[in-house]
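S.K.: Can you read through this structure? Questions will come right after.
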Amino acid sequence: MTQTDDPRIGVFVCHCGHNIAGVVDVEAVAKMAESLPNVVFSCDEMFMCSDAGQQLIRDKIEEHNLNRVVVASCSPRMHEPTFRRVVEEAGVNRYLFDQVNLREHVSWCHTRQPEAATEKAKDLVKMSVARARVLEDLPIKTVKVLATTLVVGGGIAGLRAALDIGDRGFDVLLVEKESELGGHVAKWTHLFPADESGAEVIKPLIKDVKAHKRITTLTNSKVIEFDGYIGNFEVTVENLKTEKKQKFDIGTVIVATGFIPFRPYGYFAYGESPDIVTLAELQELAPSDQLLKPSDGTPVKKIAFIGCVGSREPGVKGHEHCSRHCCAATAKAAADLREKIEEVLILYQDIRTYGKGHEEFYRLARRRHVIFSKFPRDAKPVVTVKNSEVHMSWRDVLADRELTFQPDLLVLATAMIPPEDIAETAKMFSLTRSGDGFFNPEHIKLAPLTTHTAGVMIAGASQAAKNASESVIDASGAAAKAVGLMAKGEVEIESTVSHVLSELCSSCHTCITVCPYGAINMDETVDPPVAFVTEAKCRGCGTCASACPSSAIIMYHSTDNQIMTMVEAYLCSPAQLEGGEPQ
Amino acid sequence: MAKSIGNALIVGGGVAGMQAALDIAAQGFGVCIVERSPSIGGRMAMIDKTFPTLDCSACILTPKLSEVLRHPNITILTNSEVGSVSGKAGDYKVRILKKARYVDEEKCSGCGDCATECPVEVPSEFDQGLGFRKAIYVPFPQATPNVYTVDMDNCIMCNRCVKVCEREAIDLEMVDEIVEFDAGAIIVATGAQLFDVSAYPRLGYSLYDNVINAMEFERLVNAAGPTGGHLIRLSDGKVPMSIGFIQCVGARDVQKGVPYCSRICCMYSIKNAVMAMEHNPDAKVWVYYADIRAFGKGFEEFYEMAKARFGVRFLRGRVAEVMQGTHSGNLVVKVEDTETSEIRLIEHEMVIVSPGMIPPEGMSKLARKLGLPMTDDGYIKIEHSFFGPVATKDPGVFVCGMADGPKDIPDSVSAGSAAAMKATIILAKGEE
Amino acid sequence: MTTVEKKEVQAKKEWEPQIVAFCCNWCSYAGADLAGTSRIQYPPNARIIRVNCTGRISPEFILASLEMGADGVLVSGCHPGDCHYSSGNLKLRARLTIMKMAIEQAGINPDRIRLQWASASEAQIFADGVTTIVEQVRALGPLRREWK
Ligand SMILES: Cc1cc2nc3c(=O)[nH]c(=O)nc-3n(C[C@H](O)[C@H](O)[C@H](O)COP(=O)(O)OP(=O)(O)OC[C@H]3O[C@@H](n4cnc5c(N)ncnc54)[C@H](O)[C@@H]3O)c2cc1C
Ligand SMILES: Cc1cc2nc3c(=O)[nH]c(=O)nc-3n(C[C@H](O)[C@H](O)[C@H](O)COP(=O)(O)OP(=O)(O)OC[C@H]3O[C@@H](n4cnc5c(N)ncnc54)[C@H](O)[C@@H]3O)c2cc1C
Ligand code: SF4
Ligand code: SF4
Ligand code: SF4
Ligand code: SF4
Ligand code: SF4
Ligand code: FES
C-alpha cells in the first residue's frame, strides 16, 4: 500500500456560484495553491460538482498525470462520494482524494469577514495539500449482503415495511416489544383523513404479516445486542417475558420504533382533574354513544381542546418541534364530536391542516360551529381546577379580548416525543438524534430514510413527528433502500480500518480493552503474543491507534502523520518547511 | 433495453421521479424516465436554497443528476411525452413521443459554441422570463443531459449554429420520433406548477414591476440567475430595503378553485425572507400570513430562527390590496393586522407573492391516457391514505412527489422511494 | 521579506489566536456544517481537522500542535453516550484530564485546551464553543510567552 510515485497534486477550487466566491477570493486561493509543494495544477471553477466540473477533474488528471486530487468546495459530508467516484473513473484511487470545506466552514460562517475568510481558506487548502502528499491508496473492498431485513417496531410503519420486503421476496425478522403488533394507530378511534378506525386499518396488516411465509414475528421482544457491519449484522433478540435469547444473522435494518404521546404534567393542570385528558387518552375513553365525563359519568356538553401542548416551545429541549399530526387530529375529533356535543372550542396558535383532505376537516369543523380561538404565543391559556370544575381563561388575539370557559372535558393535544428507550436504541444502532429527539436521517432533504450507519434505515414516527399516512410512505421507501442492498447482494465498504504492526506490538493488551467492538485479539500462536485486528469487525474509530503506547497501530487514511502534517502546514509557513516563498 | 418485464417507466424527471428511478435501478431493473422539458431536475433545479437547512439546491441536486445520468440501468428521454399506453400491470406497451430537439444527443458535447453564435435572444423560461437565452440553449448550467436544444418557435433558420458546431451535432431538419417501450410498472411523477397570481389583480402582480412571485425571487437571488445573485428591483435596479411576502395566494381559497393548502409556500417564503436578510442584513422583511404551517422535521425550528436570529417580522393578516407607493417603484401593502384589528398601510420596495401549487399542465390528458381517476383538485387520486398512499386505481401504476398533491422535497423523495418499492414488487413478480 | 518575518511583523501588529480544532466526523463536524448552513457567524480563527472519532486524538496531537505554535486547541465530539463508536469520546476525555495536568506543570494555561460536546444538530453550541476558546486564548495572549 505504499505509493511509490511522487505526489502530483491537482487542486480545484470551487466558486459554488456565489456561495463561496461571494466571500472567499477563490482566485487568490487557487493561485496560492499553485505554489505549494507537489501541486502541479490548480484552478478555480464555477461548480465543481456539475458535470462540467467533474469532467474537468478527469481531464486534468489525464493531462497532468495527477495522482492526488484536492477539491476545495463544500462539506465532504455531502460530496466526498461524488468526487471519490470521479477520481476513480480517471484511475486515481479514491483514498488519494481530499476535500476542503470552504463553504459550510468558511464562506457561510464568516460572511462579513471576506479577508479573514480568504486567509482561512488558504490555510485549509495548504493543510489539505499537505495531507494529500502523504495519503496512501487503499484497496476497495466489497462484502456480501445477507437477504434478511430486521424491522424493529411493529407499528404501522414496521408492518408496512415488513410486508413490502416480504412481497418483494426477501426475508424479514419483525421485532416488537409489546405483546401486540399495531403500535399507536391501533388505538385511535377515528383516523383522519379517511373515516376508519385505527383497528380497521391495522387488522388487515397484522393478518397479512402473520400469514406471510417470509416474515418472522417476535413480539414481547427486544434487540439486546447488535454487532457486525452492513450486510452482515449479528443480532440477539430477547423475549422480555421468557428471557429467552436468540441470535440472527441479518443484512439490513429498518428502525421503526415510533413515538409516544407526551404526558403533560405541569401544563394546564394536567393530572389535577380526571376531566383533563390528552388527545391520545380521549381516544381511549370507553366508547359509547355519549361522551361521558371521566369524573362523574355525566354526559359531556362542553368540550375544549388546546393545541401545541409540549410542542413549539422555543428553547425547551425536545419540545421545540411541531408535532404535525395534532392540528388535523384535533379538527377531525372536534368536527366529529360537535354532532353530539353542544359547545366545542379549540384554542390554537396556528392551524396546520396542510395535508390532503385536512383543510376539509377544518372547514367542516367551522361549518359545524366549532369555535376556534387563537391564543398568543407568549401568553398561554391558564387552566385551574376549582371544586373539581375546570376553568380556563385566555386572550383571544383575533378579537383582542380576555375570554373564559368552563368545559366539562378539556383535551390537550400533546406532542409526539420519542419512546423512553430511544437513547438505548440510538446507541445500539449507532444513530444520532436531532433536536426533536428523533433519529437523524443521513440528509434531511435528499436522504430522509437512510442514516449514517450504513445498512440501517429509519421510517415513520421514529424519524420525526408525522401522521400514519406519511409513516406508511416512509416505510415503503425505507423498504426500497433495504431491498436495493439485498437485491444487489453485495456492497462496497470503507477500507479505513486499523492495523497492528506486529514488530512494534509490546503485548500490552491496551488496544484490546479500548476497542468498543472487540475487533482486536491476541495472536497467541506467536511468542510473545501480538495483537491483530479483525478488519470486518473494525469500524475505524481509531481509538486503539491513539491508545497504543508503542505506536504499533496505524489507522488507515487517518495515520498520525496524515493528521499532524495538517497541523504543521497550518502553523509552520511553507517558507519554514521548504525554504521557498509563495508569490 | 433489457427484458420487457423488468422495466419501469417514470413520467416526470423531478426529484421524486429521479429518486424512484435510482431506487428501481439499484435493484437491477431497467428504468426509462420520460421528461417533457429538455432536462431532468424539475422544480428543484430552479430554486436557490432549500428549507429547512439552507443548503443550496443546485449543490445537493447536482450529484443526483449525474447519478441518474450515469446509471447503466437508467435511460433518460427528455423533450418527450407519453403518447399512448395499453396493457396491464406487469405488461404495458407505451408509445413515447420524442420531440425533435434538432441536436443529436450522441454528438453534442455541451460546449455552447452554438449558443454564442446564435443571434436570437428570447426570455428564459428557466429564469422565469427575467433573463435571456438563445434560440439554441440549455435551460441551466447543470442541465442533464448536457445537450443543447433548438427552440423551433423562435429559430430563424439562419444556420449559424449549424456551421459553428464542430461536432456537426445540429440538424434543423430533425423530426419527432415515436419510441416504443415495454414496461412492467409505471410511476407518475409530473410534479406541480405555480398558480398564476395575476388572477388576483388587487395584489398588483403584472401591474407593478416590483411585485414578483416567489419563483422569480428564487431566480433573482440565485448566483446563476439573471442578476448573478444580486437581489435588486426590476424597475430600477435598486437594492430593496424593505420587502413584503404575501402568503396563501392561490391556496386555501375556495372561490378560486384551490381550497387546499399548498403546504410548501409558508416554508419557502420563510426561507426566502431569510435569504433576503442574508443578502442585505439591514433590510426590513415582513411576511403576511394566515397561519404559519411549519410542520415538517426541523421546520418549526427554522421558523423560530427566522424570527429570533434573522429578525424577519411576521404579521398575521390577509392582504387586501397592494398599491403604488409614494416613491417611484415603491408599493404599499394594505393589510388588516388580525392580532390588533388595525388596518395598516406598510410601504415596501419590493413585494413577493407566494403562489400555491396547482396540477401541472396536461395532467388531465395524461391521467386519461393512463386511465387514472383524479381528485377534485386535479391531481392524481391515490388509492387509500393508509393502504395505498402511492398507489392508484391501476395496480401497476404508482404516483409520487407533487403529482398527487403539493409536497416539500423530503416528502417527495420518500414518496419516490416508496413508489419504487411498489413498482419493483410487480417487476419482480414478472421475473419469477 | 520572508514569510516567517512577515508573520512576525503581523504578530506584533495585530495578533490573532491560531486555533487547531479536532472534530469528530459524526457530531461536531456535522454541527459545524449546520452552523454554516444556518449562517451562524463565529470567529474565523479555528482550522478544523476532521477525525472519525475524538477517540482517535492522542495527547501527542495536542501537545505537538501547541509546540508548533497553536495558541489553543479545540476538541469537539459527540455527547457522552452519543459517540458513533459508543465510547471513543469517554476515552479521549480521560486522556485529556491527565494531559491537562501535565501541561499545567509545563507552565501552559490549561484554558488553552477546550473539550466540548456538540451534536450534529447543535450548530449554535459548536459556534459558541469556537467563540469561547478564541476569547479565552485572546485573553491569555500568544502562547509563545508561556513555554518554559
Ligand atoms: C392522539 C393522536 C392521534 C392521531 N391520529 C391520527 C390520525 O387520525 N391519522 C393519522 O394518519 N395519524 C394519526 N396519528 C399519528 C399516528 O399515530 C402515527 O403517525 C403513527 O402511529 C406512526 O406509526 P409508527 O409505526 O411510526 O409508530 P408507532 O405507532 O409508535 O409504532 C411503533 C412501534 O414500535 C414499537 N417499539 C418501540 N420501541 C421499540 C423497541 N425498542 N423494540 C421493539 N419495538 C419497539 C412500539 O411498541 C410500537 O408498536 C395520531 C397520533 C396521536 C398521538
Ligand atoms: C418557489 C418554490 C420554492 C421551493 N422551495 C423548496 C425548499 O426550499 N425546500 C423544499 O423542500 N421544497 C421546496 N419547494 C418544493 C419542491 O420544489 C418540490 O417538493 C419538488 O420539486 C417536488 O418534486 P417533483 O419531482 O414531485 O416535481 P417537479 O420538481 O415539479 O418535477 C416534475 C417534473 O415532471 C415533468 N413533467 C410534468 N408533466 C409532465 C408530463 N406530462 N410528461 C413528462 N414530464 C412531465 C416536469 O417538466 C418536471 O421536470 C419549492 C417549490 C417552489 C415552487
Ligand atoms: S400540528 Fe398543530 S397543534 Fe400540533 S404542534 Fe403543530 S401547530 Fe401545534
Ligand atoms: S479502529 Fe481500533 S478501536 Fe476502533 S474499531 Fe477498529 S480496531 Fe477497534
Ligand atoms: S462542489 Fe460543492 S461547493 Fe462546488 S458547486 Fe458543487 S456543491 Fe457547490
Ligand atoms: S450543438 Fe454543437 S456547438 Fe452546440 S453545444 Fe452541442 S456540440 Fe457544442
Ligand atoms: S403552506 Fe402556508 S402559505 Fe401555503 S397555502 Fe398553506 S398556509 Fe397558505
Ligand atoms: S464519533 Fe463523535 S466522539 Fe466518537
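The values are calculated or read from the model by the stated rules, or taken from the named source; none is laboratory data. Because the structure is a prediction, the values reported are computed rather than measured. Note that we place each Cβ from the backbone using ideal geometry, even for glycine, and neighbour counts take in every protein chain shown. In case anyone asks, the SASA skips ligands and DNA or RNA and just uses the protein heavy atoms, side chains included. Shrake-Rupley method; radii C 1.70, N 1.55, O 1.52, S 1.80 Å.
S.K.: Return an integer: the convex hull volume of the alpha-carbon atoms of the range A:157-210, in Å³ per residue.
M.R.: Dividing the Cα hull volume of the range A:157-210 by its residue count gives 80 Å³.
S.K.: I'm a student and want to see the number: the projected area of the Cα convex hull of the range A:105-151, averaged over all directions, in nm².
M.R.: Its average projected convex-hull area is 6.9 nm².
S.K.: How do B:Arg101, A:Arg395, A:Arg112 rank by accessible surface area computed with a 1.4 Å probe, from largest to smallest?
M.R.: The ordering from most to least exposed comes out as A:Arg112, A:Arg395, B:Arg101.
S.K.: So, with +1 on the Cβ of K and R and -1 on the Cβ of D and E, and no other charges, what is the size of the charge dipole of the range B:28-114 about its Cα centre, to the nearest 20 debye?
M.R.: In total the dipole reaches around 340 debye.
S.K.: Suppose we flag GluC sites (Glu not before Pro) only when DSSP calls them loop and at most 16 other Cβ atoms lie within 10 Å. Which is the longest uninterrupted stretch of chain C?
M.R.: C:15-145
S.K.: Mind computing the radius of gyration and Dmax over the alpha-carbon atoms of chain B? Å is fine for both.
M.R.: That works out to 22.6, 73 Å for Rg and Dmax.
S.K.: Using DSSP to call loops (not H, G, I, E or B), can you name the chymotrypsin sites (Phe, Trp or Tyr not before Pro) in the range A:253-283 whose Cβ has at most 16 other Cβ atoms within 10 angstrom?
M.R.: Answer by residue number: A:Tyr265.
S.K.: Okay, next question. To the nearest 20 Debye, how big is the dipole of the range A:1-120 about its Cα centre, given +1 on the beta carbon of each Lys and Arg and -1 on that of each Asp and Glu?
M.R.: Here the size comes out at about 340 debye.
S.K.: Do any cysteines of chain B lack a neighbour Cys whose Cβ is under 4.7 Å away, and which are they?
M.R.: Isolated Cys, chain B: B:Cys32, B:Cys108, B:Cys111, B:Cys118, B:Cys155, B:Cys158, B:Cys165, B:Cys248, B:Cys261, B:Cys265, B:Cys266, B:Cys400.
S.K.: Is there a simple number for the mean count of other chain Cβ atoms within 10 Å of the Cβ of residues in A:426-438, and what is it?
M.R.: Taking the mean over all residues of the peptide, I get 4.
S.K.: Treating the angle as unsigned and between 0 and 90°, give the value, to the nearest 10°, between the Cα long axis of helix B:299-308 and the longest Cα principal axis of chain B.
M.R.: 30 degrees
S.K.: With Rg and the Kirkwood Rh both taken from Cα atoms, where does Rg over Rh land for the range B:379-432?
M.R.: My calculation of the ratio gives 0.99.
S.K.: With the other protein chains left in place, how much accessible area per residue, in square angstrom, belongs to the range A:1-153 at a 1.4 angstrom probe?
M.R.: 34 Å²
S.K.: Alpha carbon centre of the range C:70-93 versus the range A:230-246: separation in Å?
M.R.: Distance between centres, Cα-based: 30 Å.
S.K.: Whole percent per 10 Å bin, from 0 to the bin with the longest distance: what is P(r) over all C-alpha pairs of the protein assembly as shown?
M.R.: Values per bin, smallest distances first: 2, 9, 17, 22, 22, 16, 8, 3, 0, 0.
S.K.: Name the shape class, rounded, prolate or oblate, that the alpha-carbon gyration tensor gives for the range B:133-253, where a ≥ b ≥ c are the square roots of its eigenvalues, rounded holds for a/c under 1.5, and otherwise prolate holds if a/b is larger than b/c and oblate otherwise.
M.R.: Oblate, because a/c is 1.5 or more while a/b does not exceed b/c.
S.K.: First compute the accessible area of the protein assembly as shown with a 1.4 Å probe, then give the percent of it belonging to carbon and sulfur atoms.
M.R.: Carbon and sulfur atoms account for 50 percent of the accessible area of the protein assembly as shown.
S.K.: Just to verify a number: what accessible area does B:Val122 come out at with the full protein assembly present, 1.4 Å probe, Å² rounded to tens?
M.R.: We get 20 Å² for B:Val122.
S.K.: A further question follows. 222 nm [θ] for chain C, helices only, -39500 (n - 2.57) per DSSP H run of 4+, per residue, to 500?
M.R.: Taken over chain C, the calculation gives -14000 deg cm²/dmol.
S.K.: For chain A, find the longest principal axis of its Cα atoms and tell me its angle to the long axis of helix A:358-367, 0 to 90°, nearest 10.
M.R.: 20 degrees
S.K.: Just list whichever of A:Lys122/C:Lys100; B:Lys284/B:Lys334; A:Lys120/B:Lys284; A:Lys177/C:Lys91 have alpha carbons separated by over 23 Å in the model shown.
M.R.: A:Lys122/C:Lys100; A:Lys120/B:Lys284; A:Lys177/C:Lys91
S.K.: Would you mind computing Rg(Cα) / (2.2 N^0.38 Å) for the range B:196-269, counting N as its residues?
M.R.: 1.21
S.K.: Pull up all non-local amide H partners of A:Val530: gap of 5 or more, or a different chain, and H-to-H distance under 5 Å with H placed in the peptide plane.
M.R.: A:Asp523
S.K.: To continue, here is another question. Percent of alpha carbon pairs in the range A:225-351 separated by more than 26 Å?
M.R.: 45 percent
S.K.: Let me ask something additional. Run a plain Debye calculation on the range B:1-83 (Cα atoms as equal point scatterers, no solvent) and give log10 I(q)/I(0) at q = 0.18, 0.22 Å⁻¹, rounded to two decimals, same order as the q list.
M.R.: -0.72, -0.99
S.K.: From the phi of every residue in the range C:128-142, what ³J(HN,Hα) in whole Hz does the Karplus formula 6.51 cos²θ - 1.76 cosθ + 1.60 yield, where θ is phi - 60° and glycine or proline is x?
M.R.: 4, x, 5, 4, 4, 5, 4, 5, 4, 5, 4, 5, 7, x, x
S.K.: Rounded to the nearest 100 Å², what's the accessible area chains C and B bury against each other, both chains counted, probe 1.4 Å?
M.R.: 500 Å²
S.K.: Also, quick follow-up: Using a Gaussian network model of chain B whose springs link C-alpha atoms within less than 10 Å, name the residue from B:Cys111, B:Cys261, B:Cys248 with the highest mean-square fluctuation.
M.R.: Maximum among the listed residues: B:Cys111.
S.K.: Averaged per residue, what accessible surface does chain B expose to a 1.4 Å probe, in Å²?
M.R.: It amounts to 36 Å² per residue over chain B.
S.K.: Report, largest value first, the span of the C-alpha coordinates of the range C:100-148 along each principal axis, in whole Å.
M.R.: Cα spread of the range C:100-148 along its principal axes, largest to smallest: 40, 20, 10 Å.
S.K.: Check each residue of the range C:65-89 and keep those whose accessible area, probe 1.4 Å, is at least 50 Å² smaller with all protein chains in place than in the chain alone; give them in order of residue number.
M.R.: C:Met68, C:His84, C:Tyr85
S.K.: Too long at a 18 Å Cα-Cα cut-off: which of A:Lys203/A:Lys466; A:Lys141/A:Lys537; B:Lys256/B:Lys381; A:Lys356/B:Lys381; A:Lys203/B:Lys429?
M.R.: A:Lys203/A:Lys466; B:Lys256/B:Lys381; A:Lys203/B:Lys429
S.K.: So, one more: In Å² (nearest 100), what accessible area is buried between C and A, both sides summed, heavy protein atoms only, 1.4 Å probe?
M.R.: Protein heavy atoms only, the C-A interface buries about 4500 Å².
S.K.: If you consider only alpha-carbon coordinates, what radius of gyration and Dmax does the range A:1-154 have, in Å?
M.R.: 17.0, 60
S.K.: Would you mind giving the three semi-axes, in whole Å and largest first, of the ellipsoid equivalent to chain A according to its Cα gyration tensor?
M.R.: So the equivalent ellipsoid measures 54, 32, 21 Å along its semi-axes.
S.K.: Please give every one of the lysines within straight-line cross-link reach of B:Lys107, meaning a C-alpha to C-alpha distance under 24 Å, and leave out same-chain neighbours fewer than 8 residues apart.
M.R.: Cα-Cα hits under 24 Å: A:Lys60, B:Lys64, B:Lys98, B:Lys99, B:Lys134, B:Lys163.
S.K.: Could you provide, to the nearest whole Å², the per residue accessible area of the range A:295-444 with probe 1.4 Å?
M.R.: Value for the range A:295-444: 39 Å² per residue.
S.K.: Using amide H atoms built 1.01 Å from N in the peptide plane, name the residues 5+ places from A:Leu174, or on other chains, whose amide H lies under 5 Å from its own.
M.R.: Amide H to amide H, under 5 Å and 5 or more residues apart or across chains, A:Leu174 pairs with A:Val151, A:Thr216, A:Thr217, A:Leu218.
S.K.: Now, a different point. Rounded to the nearest 20 debye, what is the charge dipole size of chain C about its Cα centre when +1 sits on each Lys and Arg Cβ and -1 on each Asp and Glu Cβ?
M.R.: Taking the Cα centre of chain C as origin, the dipole is about 220 debye.
S.K.: Could you tell me the center-to-center distance, by alpha carbons, between the range A:156-205 and the range B:94-140 in angstrom?
M.R.: 49 Å
S.K.: Can I ask one more? So for the range B:73-167, what percent of the C-alpha to C-alpha distances run longer than 14 Å?
M.R.: Cα-Cα pairs in the range B:73-167 separated by more than 14 Å: 70 percent.
S.K.: When the Karplus curve 6.51 cos²θ - 1.76 cosθ + 1.60 is applied with θ = phi - 60°, which whole-Hz ³J(HN,Hα) does each residue of the range B:39-46 get, with x for Gly and Pro?
M.R.: 9, 7, x, x, 4, 4, 5, 8
S.K.: If you look at just the Cα atoms of the range C:43-138, how large are its Rg and its Dmax in Å?
M.R.: For the range C:43-138, the Cα-based Rg and Dmax read 12.9, 37 Å.
S.K.: What value, in deg cm²/dmol to 500, does the helix sum -39500 (n - 2.57) over DSSP H runs of n ≥ 4 give at 222 nm once divided by the residues of chain B?
M.R.: Only helices count here, giving -7000 deg cm²/dmol.
S.K.: Something else now. Just how many % of Cα pairs in the range A:298-411 lie over 22 Å apart, if you round to the nearest whole percent?
M.R.: Of all Cα-Cα distances in the range A:298-411, 34 percent exceed 22 Å.
S.K.: Here is a further query. Restricting to DSSP H runs of at least four residues, report the calculated mean residue ellipticity at 222 nm for chain A, -39500 (n - 2.57) per run over all residues, nearest 500 deg cm²/dmol.
M.R.: -8500 deg cm²/dmol
S.K.: Could you let me know the centre-to-centre spacing of the range A:375-396 and the range B:49-86, using Cα atoms, in angstrom?
M.R.: Value for the Cα centre distance between the two parts: 51 Å.
S.K.: Given bins 10 angstrom wide, list per bin the percent of all Cα-Cα distances in the range A:410-504, short to long.
M.R.: All Cα pairs considered, the percentages come to 14, 38, 27, 13, 6, 2, 0, 0.
S.K.: What is the angle, in °, between the Cα long axis of helix A:560-571 and the longest principal axis of the Cα atoms in chain A? Nearest 10 is fine, range 0 to 90.
M.R.: Result, in degrees: 90.
S.K.: If the cut-off is a Cα-Cα distance under 22 Å, which lysines reach A:Lys386, setting aside same-chain residues fewer than 8 apart in sequence?
M.R.: The qualifying lysines are A:Lys293, A:Lys301, A:Lys302.
S.K.: Name the residues of the range A:45-78, by number, that are at least 10 Å² less accessible with every protein chain in place than in the isolated chain; the surface is that of heavy atoms, probe 1.4 Å, without ligands or nucleic acids.
M.R.: Listed in order, they are A:Met46, A:Phe47, A:Cys49, A:Ser50, A:Asp51, A:Gln54, A:Arg58, A:Ser75, A:Pro76, A:Arg77, A:Met78.
S.K.: Right, another one. Normalise the Cα radius of gyration of the range B:209-355 by 2.2 N^0.38 Å (N = residues in it) and let me know the number.
M.R.: Against the compact-globule rule of thumb, the ratio is 1.00.
S.K.: Which GluC sites (Glu not before Pro) in the range A:186-291 sit in a loop by DSSP (not H, G, I, E or B) and have at most 13 other Cβ atoms within 10 Å of their own Cβ?
M.R.: The qualifying sites are A:Glu243.
S.K.: In square angstrom and rounded to 100, what buried accessible area do you get between chains A and B, total over both, with the probe at 1.4 Å?
M.R.: 6400 Å²
S.K.: Shifting gears a bit: Can you work out the Karplus-derived ³J(HN,Hα) for every residue in the range A:48-54? Use 6.51 cos²θ - 1.76 cosθ + 1.60 with θ = phi - 60°, whole Hz, and x for glycine or proline.
M.R.: 5, 7, 5, 4, 4, x, 5
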